[in-house]
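Worksheet: the structure to be examined is printed underneath.
The values are calculated or read from the model by the stated rules, or taken from the named source; none is laboratory data. From a predicted model like this one, the values you see are computed outputs, not experimental measurements. Cβ placement follows ideal geometry from the backbone for every residue including glycine, while neighbour counts extend to all protein chains displayed.
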Amino acid sequence: MAGLNLGENLFEKYGKTYQPGEIIFCEYEPGDDFFLILTGQVKISKIVSNKEKTLDFMGPGDVFGEMSILEQQPRSATVIAQDEVRVLVFNRENFEMVLKSDPQMALKLLKIFCKRIFDAQRQLMILILDGDEYRVADVFVMMAERQGVPLDQRIKVDIKLSIEEIANMCAITPENCQKALNQYVRVGKIELVPGKVVVNNISEFVRIVHNKRKIKQGR
C-alpha cells in the first residue's frame, strides 16, 4: 500500500501500528498525542443524538488529534482503523524535538498542518450554507478545486465520492443527500454513476454557490 514517505527511522522512534477495527482513541477521553498517517485509512466518527455519525475518512498524509497540541481539550471524536494503519505518534515534547532537530521534517509537518487548516476552513464554508442542495453543490466545487479544474469553464468533472461521503461532507443524512442529487439529475446537471457523480458543467455549480453566498451576505 502506498503511503507517506517520511523515513523508517522516524517510524522506529515514533511509529505505531493499529489493526483493522482497532480504536485509536474515543470521543471525550483525554489525550495529549496527535497522529500522522503513513499508511492505511481511519474513520472519524461522533455520537449525535445517541447514534454514531461518520464525519470523515482519512488516509496517508492526513493528521488527526492535533488539537491536543494546540489546546488541552478532550477528544472531539472517535477514530477507528479501517485496515492496518501505520502512524507517527507525537506529543508536545517529542514534536518540539523533531522541529528542532530535523528542519526538513519540520517543513513537511508544517505544510501538512497548513493544508489541514485550509481544508477545515473550506469545509466550514460548505457547512454555513443554508439548504442541502447548495451544500452538495459546494462539495462538487471543492472537489473540482482539489483536482485543479478551471472553475470558470464549461468542463465535465468526475466527483469520485459515494452518496454517504457527500452526505458526511455536507453534515446531512444520506436520504436528504440523495434527494438533492436527484434534483440535479432531473434537470440534467449531473449523472449518477456507481462510485461517482459526473458533473456536466462545473462552472454552473460555481455560479449557484456564488449566488447563494451573495444572498446570505446581503449583497
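Could you list all residues from the stretch 58-113 that are small (Gly, Ala, Ser) and touching a Leu at 6+ places or on another chain (Cβ under 7 Å)?
If the condition is that a residue be small (Gly, Ala, Ser) and touching a Leu at 6+ places or on another chain (Cβ under 7 Å), then Gly61, Ala77, Ala106 are the ones that fit.
Take the conditions buried (at least 16 other Cβ atoms within 10 Å of the Cβ) and not basic (Lys, Arg) and apply them to Val206. Does it pass?
Yes.
Keeping to the stretch 179-190, report how many residues are surrounded by 15 or more Cβ atoms within 10 Å (Cβ to Cβ) and not β-branched (Val, Ile, Thr).
Total satisfying the criteria: 4.
Tell me, which helices (runs of 4 or more DSSP H) lie completely within the stretch 119-219 with 3 or more residues that are in contact with a Cys (Cβ under 8 Å, 6 or more places away or on another chain) and not assigned by TED's automatic domain parsing to the domain that holds Ser45?
Per the criteria, 132-147, 163-170.
What is the residue count in the stretch 77-91 for residues that are part of a loop (DSSP other than H, G, I, E, B) and more than 15 Å from the chain's Cα centre (by Cα)?
As a first pass, look at the stretch 77-91 and keep what is part of a loop (DSSP other than H, G, I, E, B): 77, 82-84.
Retained after the next criterion (residues that are more than 15 Å from the chain's Cα centre (by Cα)): 82-84.
Of the residues in that region, 3 qualify.
Quick one: is Val136 out of contact with any Asp or Glu (no Cβ under 9 Å at 6 or more places or on another chain), among the β-branched types (Val, Ile, Thr), closer than 30 Å to Leu36 by Cβ and surrounded by 12 or more Cβ atoms within 10 Å (Cβ to Cβ)?
No; evaluated as a whole, the condition is false for this residue.
Yes or no: Leu124 closer than 20 Å to Cys170 by Cβ, without any contact (Cβ under 8 Å) to a residue 12 or more places away in the chain and surrounded by fewer than 19 Cβ atoms within 10 Å (Cβ to Cβ)?
Details: closer than 20 Å to Cys170 by Cβ: yes; without any contact (Cβ under 8 Å) to a residue 12 or more places away in the chain: yes; surrounded by fewer than 19 Cβ atoms within 10 Å (Cβ to Cβ): yes.
Yes, satisfied.
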